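The values are calculated or read from the model by the stated rules, or taken from the named source; none is laboratory data. Quick caveat: nothing in here was measured; it's all calculated off a predicted structure. In this analysis, Cβ positions are derived from the backbone assuming ideal geometry, glycine residues included, and neighbour counts consider all displayed protein chains. Ligands, DNA and RNA are stripped out before the accessible areas are found, and what is left, the full protein with its side chains, is counted by its heavy atoms. Shrake-Rupley method; radii C 1.70, N 1.55, O 1.52, S 1.80 Å.
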Amino acid sequence: MQTSIENEPNAKATRREWLGLMVLVLPALLLSVDLTVLYLALPHLAEDLQPSSSQQLWILDVYGFMLAGLLVTMGTLGDRIGRRKLLLIGGAFFGIASVIAAYSTSPEMLIASRALLGFAGATLAPSTLALITNMFRNPKERATAIAVWTSCFVGGGVIGPVLGGFMLSTFWWGSVLLLAVPVMVLLLVAGPVLLPEYRNPDAGRLDPLSVGLSLLTLFPFIYGVKELAREGWEPVSIGALAVGIFFGVLFVRRQNHLEDPLLDLSLFKIRVYRGAMMLGLLVGTITGGSLLLVNLQLQMVEGLSPLKTGLWLVPGAIGTLLAIGLSTGLARTIRPAFLMAGGLLVSAAGYVLLSQVPSDDSLVMVVIGSILINAGLGPAVALGYAMIVGAAPPEKTGSASALSETSGEFGLAAGIAILGSIGTFVYRDELSVPAELSGEAATAARESIANAMAVAQELPDPVAGDLIGSARDAFTSGLNVVGALAAVLFIALAALAWQWFKHMPPTAEAESGGTDSGSEGAPSDDAAETAAQPQPVASTTAEPGPVRS
């Protein structure tokens, strides 16, 4: 039986809601862990399945692309059929797809199963956040619940490498994908007991054509970027880019004419929202690709085991968590623009270090660079999401949240594709293949450093040593180029962050009704932007008309 919920913003959550929160953070933690552990597993699965460099990138990023492409769609679907129902269906599907991926016998099978994981994962993130928003009516309790939920994404960066490294040191590469199975079983058992059902009877109509156009925009465009980095300006890469752009134009035009658009483009008219979204997308793109290269540098160049690699990555993830907590407190007295710009410059310094790491004894510089990069991201992570939700009108908060998640996931996946492709291009250009190698072996070695190491195992010592040394030098050169490019981009992003958000006052001043929230000449209908401080995420109103069982 379903009954209406009264809008009681100060109602205290019961023990059931807090226990339900523990269930809801599991999928959030899992989505983060599932991405980071595969970074560690790449050398192992590359040795087992022998994927090409392009297939390796698809194995990593098809999950993120499916997730990003379907988040908004699944958010709308959850409003229609029930968010708990969608969450449980997605959880069951995610567990089954994880088993298929773990026992994949070919690169194509693993890519397909990872795509299925992305499809299932898209049902989890919007459902969990929407349920948290409805379950916690009290603003302070809701702030705490959302902070816990958000921290789990970052926390996965701490748990993933350590747990994944241990499992890879003990079991085969597919074992890391089986981590999802017990988590999903717990969700399916506890979810019906602890989670209430919510749906919005006034939810917008789902437009299948918009869903199709969004995917036809996303996949050809990214495939074109991959092929451009791999083969240059060939007809295939140019054609794929053109197809993606063509369908992207059709998608945007359709959204502008729909009464219930899949992507609410009117939100981008809000300056703060637009700036925070763009910043999140670009930061995610750069960090997603660089994290992959750092993992491979530690394993393939430094020769660390997966477990040791995971342990060396923990300080960087802890740096992000500490920076998030520090930034939230400092934002009460310091303008968010200053904190975000300063943090991005710290990250830029970390990338400068990556641009200078040698191929021998690079561990210390890589770890210090990783710590600086991750710590510098803290203000953007801590303040950016609240800006997005706070800048959106109350009736569009759900759509704004889904778009924020979509932007972040797409950025991470795009970074793997774009910066990973740049690193691969430099690797191939710098690699010197010993003359003793046959044509087939030489081709395999040029595909990736993982393939080069596998080829070297079949060669006599002098030739193997030459190939390994050249491969390590070439891969480090790719990391150096990506580090230099990322440093320049982060400096530019710091300047943009200051420009976009400099009119926003510290949160304490905004709470006290301070007037220095200056819109600086902005039209009066943009006045809501000045209230888009990090604290409004705690006071987001419930979506109209939900029903509960």
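Numerical summary
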| item | result |
| --- | --- |
| Whole-percent carbon and sulfur share, accessible surface of region 167-220, 1.4 Å | 75 percent |
| Residue-wise HN-Hα coupling along region 303-315, computed from phi with Karplus coefficients 6.51, -1.76, 1.60 (Hz; x: Gly, Pro) | x, 7, 6, x, 5, 5, 4, x, 5, 6, 8, 4, x |
| Accessible surface, per residue, of region 251-349 when the full set of protein chains is kept, probe 1.4 Å, Å² | 41 Å² |
| Integer Hz, Karplus 6.51/-1.76/1.60 couplings in order for region 120-130, x for Gly and Pro | 5, x, 5, 7, 7, 4, x, 5, 5, 5, 5 |
| Karplus 3J(HN,Hα) series, Hz, for region 177-191 with 6.51 cos²θ - 1.76 cosθ + 1.60 (x for Gly, Pro) | 6, 6, 4, 6, 5, x, 5, 5, 4, 4, 4, 5, 7, 7, x |
| Of LEU40, GLY78, GLY95, farthest towards positive along the dipole that unit charges on Lys, Arg, Asp, Glu beta carbons give region 12-98 | GLY78 |
| Residues GLU234 and ALA190, FRET efficiency given R0 of 45 Å [Cβ-Cβ distance, rounded to 0.05] | 0.30 |
| Size of electric dipole in region 408-493: Cβ of Lys, Arg +1 and of Asp, Glu -1, about Cα centre, debye, nearest 20 | 300 debye |
| Local net charge near LEU77, Cβ-Cβ under 12 Å (Lys/Arg +1, Asp/Glu -1) | +3 |
| Spin-label model distance (nm) - HIS257 vs LEU19, 7 Å beyond Cα toward Cβ | 5.2 nm |
| Total charge dipole magnitude, region 264-362, about the Cα centre, Cβ charges on Lys, Arg, Asp, Glu only, Debye to nearest 20 | 620 debye |
| Around ASP360: net Lys/Arg minus Asp/Glu count, Cβ-Cβ under 12 Å | -2 |
| Inter-probe distance in nm under a simple model that places probes 7 Å from Cα toward Cβ, at VAL99 and VAL488 | 5.0 nm |
| Summed side-chain charge close to GLU47 - residues other than GLU47 whose Cβ falls under 15 Å, Lys, Arg +1, Asp, Glu -1 | -3 |
